[in-house]
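A quick write-up on the structure given underneath.
The values are calculated or read from the model by the stated rules, or taken from the named source; none is laboratory data. Everything numeric here is computed off the predicted structure, so don't read it as measured data. Counting neighbours? That spans all protein chains shown, and the Cβs are built from the backbone with ideal geometry, glycine included. Accessible surface is based on the protein model in full, side chains and every heavy atom, while ligands, DNA and RNA are left aside. Shrake-Rupley method; radii C 1.70, N 1.55, O 1.52, S 1.80 Å.
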Amino acid sequence: MRILGIESSCDETAAAVVEDGRRVLSSMVASQLDTHGKYGGVVPELASREHLRAIVPVVRSALEQARADLRHLDAIAVTYGPGLVGSLLVGMTYAKSLSFATGVPLIAVNHIEGHIHAVVLEAGDAVEYPALALVVSGGHTHLFEVRAGFTYRLLGKTRDDAAGEAYDKVAKLLGYGYPGGPIIDKLALRGDAQAVRFTLAKMKGNALDFSFSGLKTAVLRWVEQHDMAGEIAARRALGNSADIEQLLAATPQRTLDLLASFQKTVIDELLRRAIASAEQIEARSLIISGGVACNSGLREAALREPLPYPVFFPGPGLSTDNAAMIAAAAFPKLLRREFVDFSLRAQAGLALA
Ligand code: KG4
Ligand code: ZN
């Protein structure tokens with residue numbers, strides 16, 4: 001059974017064809033990094049316009065690469081939230097139109113559920129349930145219990161910034177380009193993670209919730225105390241297209257140490273709570289997914305932990321936003337014939353559980 005997935009919730013226009021929820025026949029992603037890079041973050045209005053430009057060619061090439069005939073698909077799956085409403089609307093309107101024109105049924109997919117399926121797509125039956133899923137991206141830092149049959153229970157979430165957002169904001173503050181996560185990840189490898197000690201406030205209430213805004217403020221305070229205006233201005237002048245060698249050359253050791261310490265603090269926070277919640281639900285697998293799951297330090301640290309269950313990360317190209325994960329998440333819904341009609345609305349703040 002073949003599903004066409006369409007994803008446009010943020011700043012990637014993506015389409016993919018996935019067979020039986022497991023086999024990726026094609027996966028196209030048109031990134032808008034060049035558009036948003038100079039603003040240091042996603043500009044919603046520009047994102048919608050870019051989606052409009054990209055949606056038709058992206059879907060067309062996903063179908064062509066998969067050698068799939070639109071009319072013979074078993075379903076069209078589309079992300080309906082959470083995300084930017086103007087962005088979601090482009091993918092949804094196009095998906096509805098295709099469904100209307102061809103009679104192929106429509107399936108609505110939650111973007112966060114997509115991120116979880118980015119792992120299930122590849123690991124399949126190796127994932128045992130209940131699983132603990134840490135979904136960590138630019139928009140989310142959430143812990144879910146995933147039960148067999150794909151039902152979810154929220155165990156903890158960020159109360160302010162998402163982890164990826166903290167990466168992006170710290171990068172921007174220090175004069176690096178957007179997105180900051182991959183840049184800090186690479187630079188942190190050259191720094192001493194023990195150099196700066198960040199003490200994070202204790203959380204009141206749910207001990208499995210996260211908070212990253214205090215860490216961002218702590219970095220800001222450190223910057224203010226260390227006379228960094230000159231080096232930050234020099235990096236900003238390099239622009240968003242600077243390569244990693246140029247950024248390294250423009251980054252003194254002291255700043256590399258700051259970045260390594262920031263990254264270590266984020267990773268420790270993520271893993272500590274993920275492991276605590278996995279214990280709480282007696283998890284049989286740990287899934288770490290979303291854009292920040294690309295982070296090399298997080299991957300290493302998670303795989304180094306002596307845990308009584310396996311840890312799964314998405315493969316290359318499946319951590320950050322893509323449509324293969326949306327088509328994969330739709331497969332169990334197709335088996336249950338969970339179709340939606342054209343009254344489907346975009347839901348910016350859609351929750352998974
Ligand atoms: O999942 P995604 O593509 O979009 C959202 O749903 O948000 O995630 C993008 C986020 C950005 O904040 C980006 O900085 C972060 O993932 N990211 C990383 C890395 N690669 C991407 N963060 C840390 N280390 C990385 N290697
Ligand atoms: Zn995402």
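Structural remarks
- Relative protection proxy for 107-114, 89-96, from highest mean packing down: 107-114, 89-96 (other beta-carbon atoms within 10 angstrom).
- For the options 117, 51, 36, a Gaussian network treatment of the chain with springs between C-alpha atoms closer than 10 Å singles out 36 as fluctuating the most.
- Reduced Cα scattering model of the range 129-309, Debye log10 I(q)/I(0), q = 0.08, 0.11, 0.14, 0.15 Å⁻¹: -0.26, -0.48, -0.74, -0.84
- Looking at the range 129-309, the accessible area is 45 square angstrom per residue; that uses a 1.4 Å probe and ignores ligands, DNA and RNA.
- For the chain, DSSP calls about 60 percent of its internal beta bridges antiparallel.
- Farthest toward positive dipole pole in the chain [+1 Lys/Arg, -1 Asp/Glu at C-beta], among 207, 141, 318: 207
- Under 19 Å from a label point set 7 Å out along the Cα-to-Cβ vector of residue 148, the amide N atoms of the range 287-301 belong to 287.
- Ranked by how many other beta carbons lie within 10 Å on average, peptides 37-46, 220-229 from highest: 37-46, 220-229
- Listed residue pairs exceeding 25 Å between alpha carbons, taken from 204/264; 202/264; 38/186; 38/157; 216/264: 38/157
- With all pairs of different C-alpha atoms in the average, the Kirkwood value for the hydrodynamic radius of the range 22-86 is 13.8 Å.
- Cα convex hull of the chain - mean projected area over all directions, nm²: 17.0 nm²
- Per-residue [θ]222 nm for the chain (sum of -39500 (n - 2.57) over DSSP H runs n ≥ 4, rounded to 500): -14000 deg cm²/dmol
- For the chain, modelled as a GNM whose springs connect Cα atoms under 10 angstrom apart, the maximal fluctuation among 256, 307, 73 occurs at 307.
- Once backbone amide H atoms are built at 1.01 Å from N, residue 23 has no partners under 5 Å, excluding neighbours fewer than 5 places away on the same chain.
- Of the accessible area of the chain, computed with a 1.4 Å probe over protein heavy atoms only, carbon and sulfur atoms account for 52 percent.
- Ordering of 4-12, 188-196 by packing [mean C-beta count within 10 Å, highest first]: 4-12, 188-196
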